[in-house]
1. So, of the residues in the stretch B:1-38 that are more than 10 Å from every other protein chain (Cβ to nearest Cβ) and in contact (Cβ under 8 Å) with a residue 40 or more places away in the chain, which turns out to be surrounded by the fewest Cβ atoms within 10 Å (Cβ to Cβ)?
2. Testing A:ILE226 on (1) farther than 21 Å from A:GLY294 by Cβ; (2) modelled with pLDDT of 95 or more, one condition comes back false. Which one is that?
3. What are the residues in the stretch A:123-151 that are hydrophobic (A, V, I, L, M, F, W, C) and out of contact with any Leu (no Cβ under 6 Å at 6 or more places or on another chain), if any?
4. Of A:ALA304, A:ALA252, A:ALA245, which residue is surrounded by fewer than 19 Cβ atoms within 10 Å (Cβ to Cβ) and within 14 Å of another protein chain (Cβ to nearest Cβ)?
5. Determine whether the stretch A:118-133 contains at least one residue that is in contact with a Ser or Thr (Cβ under 7 Å, 6 or more places away or on another chain), within 29 Å of A:ALA249 (Cβ to Cβ) and outside the structural domain of A:GLU244 (by TED's automatic domain parsing).
6. Six or more apart or on different chains, Cβ atoms under 6 Å: show the pairs whose first residue is in the stretch A:77-106 and over 14 Å from A:GLY42 (Cβ atoms) and whose second is among the hydrophobic types (A, V, I, L, M, F, W, C) and surrounded by fewer than 16 Cβ atoms within 10 Å (Cβ to Cβ).
7. Tell me yes or no: at least one residue of the stretch A:297-305 is closer than 30 Å to A:ASP242 by Cβ, at pLDDT 80 or above and within 45 Å of the chain's Cα centre (by Cα).
Amino acid sequence: MVSAASTTFTSVIEPTYTVPELNRAIARVVARAFPEQVWVQGEIRDITRAASGHVYFTLVDADAGEPGSVPESILPVTLFASDKEAVNRMLNRSGAMRMTDGVAVRIRGSLGHFAARGTVQLRMTWIDTEYTLGRLATSRDQLMRALAAEGLVDSNAALPVPLVPLRVGLLTSVGSAAYADFVDELAASGFAWCVEPVDVRVQGQEAEQSILAGLATLSGRPVDVIAIVRGGGAQTDLAVFDGEAIARAVAACRRPVFTGIGHEVDETVLDRVAARSFKTPTACAAGLVSIVTGFVALLADREAKVSRVALRVLGAEERRLDDRAARVTGAARRRISQAIVEVGAVRHRAATTTRAAGRSSRERLSDAGHSVVAVAGRRAGIERTAATDMRRRLAAAAPERIARATARLGDIHGRVEGQSPTRLLARGWSVTTTEAGRLVTDPIDVASGDVLSTRVAGGSIRSIAEPLPRRLPDGRIGS
Amino acid sequence: MSEPASYRDAMEELQSIVGDLERDDVDIDVLSTKVRRAFELIEFCRSRISATELEISQVVAALEREDPD
């Protein structure tokens with residue numbers, strides 16, 4: 001209450017409050033002006049959780065600008081430990097919300113003046129979670145529509161994922177549970193992964209810039225895919241993944257982006273623009289493993305197919321060969337048979353021709369024979385004629401010749417007759433021969449004791465020779 | 001006679017011989033030569049098929065040894 005103060009000065013002094021008086025006066029005015037709890041909406045800034053259990057933050061206008069800028073209008077808010085339990089129940093029921101910096105909230109509480117700080121502040125007792133989540137959803141939907149209009153939603157998904165994406169660029173908070181889950185899942189597969197981690201902030205004011213820088217870094221590295229993973233959290237924690245800048249960066253990224261952002265309900269904008277999205281870091285790693293596993297299975301299948309096809313081709317070739325072999329054999333046999341038939345035909349023709357030729361020869365021979373006979377006949381006639389003529393001529397000449405011959409014969413006969421031994425024998429001559437019949441004409445031809453036969457006209461005389469005394473050269477007779 | 005340069009060459013030559021033989025006017029003097037050559041080619045092709053079959057089975061076996069699954 002205003003009271004009469006010091007009267008040191010003589011003049012009338014304007015009523016003056018002490019600080020406590022004024023604070024109390026303000027408190028009364030505030031209480032009268034806002035007798036009921038009020039709803040207020042704004043964005044949380046500078047939230048702190050004291051050891052006492054109380055939570056303090058500042059509410060600023062949701063359109064106050066970028067985090068870190070100095071807002072024109074603020075409202076200090078206190079959530080006392082005694083009220084926190086009820087608020088937490090509401091937050092937990094929503095399942096997707098936490099009170100953190102940057103989160104737009106609609107809260108209820110009573111306004112009061114806090115004398116110790118000289119400020120009017122809101123003592124928070126209630127929170128409208130629907131408001132926050134709705135705003136997030138609305139904001140996300142607007143962004144998605146804009147991205148879709150620009151054709152950016154499926155840009156990253158259109159990039160081909162390598163058949164064996166073993167080189168993985170990993171954007172996460174290195175050392176976090178999310179990081180461990182992701183890396184462990186890859187390692188368990190047994191494939192030769194090459195993970196290049198880039199440590200980034202995944203929530204809070206710096207998250208967006210950090211993730212954008214990480215994406216830029218990995219885009220220049222030789223990686224097959226980029227994975228962005230983060231552990232589970234309230235949807236409000238994941239607001240950064242609903243941000244436009246990151247969505248555009250991923251859409252423009254030339255590497256397929258896989259996400260494993262732990263969440264239960266809605267997808268974030270980042271999930272929608274990524275090549276593939278998974279519910280958790282473990283699921284994201286498993287997705288990569290399944291691609292490699294699928295490739296290995298495909299390889300095995302192709303191997304089997306190659307083998308099957310190759311053997312089928314070989315089988316077909318074998319059948320083709322068999323067919324050709326059969327055709328060669330068949331054609332050769334047929335040709336031989338045909339040749340045999342041809343030879344038979346030729347032989348038949350030859351026989352026929354030969355027979356014809358034979359007939360002709362015989363005829364020719366016959367003709368020749370006839371000719372020979374005719375000639376011979378003619379010749380015989382001539383000869384006969386000649387012979388007849390000769391006979392005739394002989395017959396004509398014969399009597400004379402015979403007479404002459406007879407005469408001559410008689411003459412010869414007479415002459416021969418004159419020399420006849422018979423006549424000579426008759427005239428007393430004899431003929432002596434040895435026993436061997438040899439004519440004895442010289443005594444030398446006879447040896448003593450030789451038996452001699454002497455023919456005389458009246459018969460033969462047999463005699464034995466005696467040696468006659470030999471006449472010596474002097475004329476004497478020797479013995 | 002010379003060995004064919006390839007399976008394809010062998011098959012082409014074989015086809016040509018089969019075509020000749022099937023014309024039924026092949027000279028008997030060369031018939032046996034052609035048939036002998038045809039069977040040489042068939043033998044060559046068969047040996048190539050067998051060798052290829054063996055190679056394939058070896059490759060497949062090697063792959064199966066590398067990946068027992």
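1. B:GLU3
2. (1) is the only condition that A:ILE226 fails.
3. Here is the first cut: in the stretch A:123-151, the ones hydrophobic (A, V, I, L, M, F, W, C) are A:124, A:126-127, A:133, A:136-137, A:143-144, A:146-149.
Answer for the stretch A:123-151, where residues must be hydrophobic (A, V, I, L, M, F, W, C) and out of contact with any Leu (no Cβ under 6 Å at 6 or more places or on another chain): A:TRP126, A:ILE127, A:LEU133, A:LEU136, A:ALA137, A:LEU143, A:MET144, A:ALA146, A:LEU147, A:ALA148, A:ALA149.
4. Values: A:ALA252 fails: within 14 Å of another protein chain (Cβ to nearest Cβ); A:ALA245 fails: within 14 Å of another protein chain (Cβ to nearest Cβ).
Result of the check over A:ALA304, A:ALA252, A:ALA245: A:ALA304.
5. The answer is yes; a qualifying residue exists.
6. That search, which allows pairs on different chains as well, returns A:ALA96/A:VAL265.
7. Within the stretch A:297-305, the subset closer than 30 Å to A:ASP242 by Cβ is none.
No - not one qualifying residue is present in the stretch A:297-305.
The values are calculated or read from the model by the stated rules, or taken from the named source; none is laboratory data. Please read these numbers as outputs of a predicted model, since none were measured by experiment. So basically every Cβ, Gly included, is an ideal-geometry build from the backbone, and we count neighbours across all protein chains shown.
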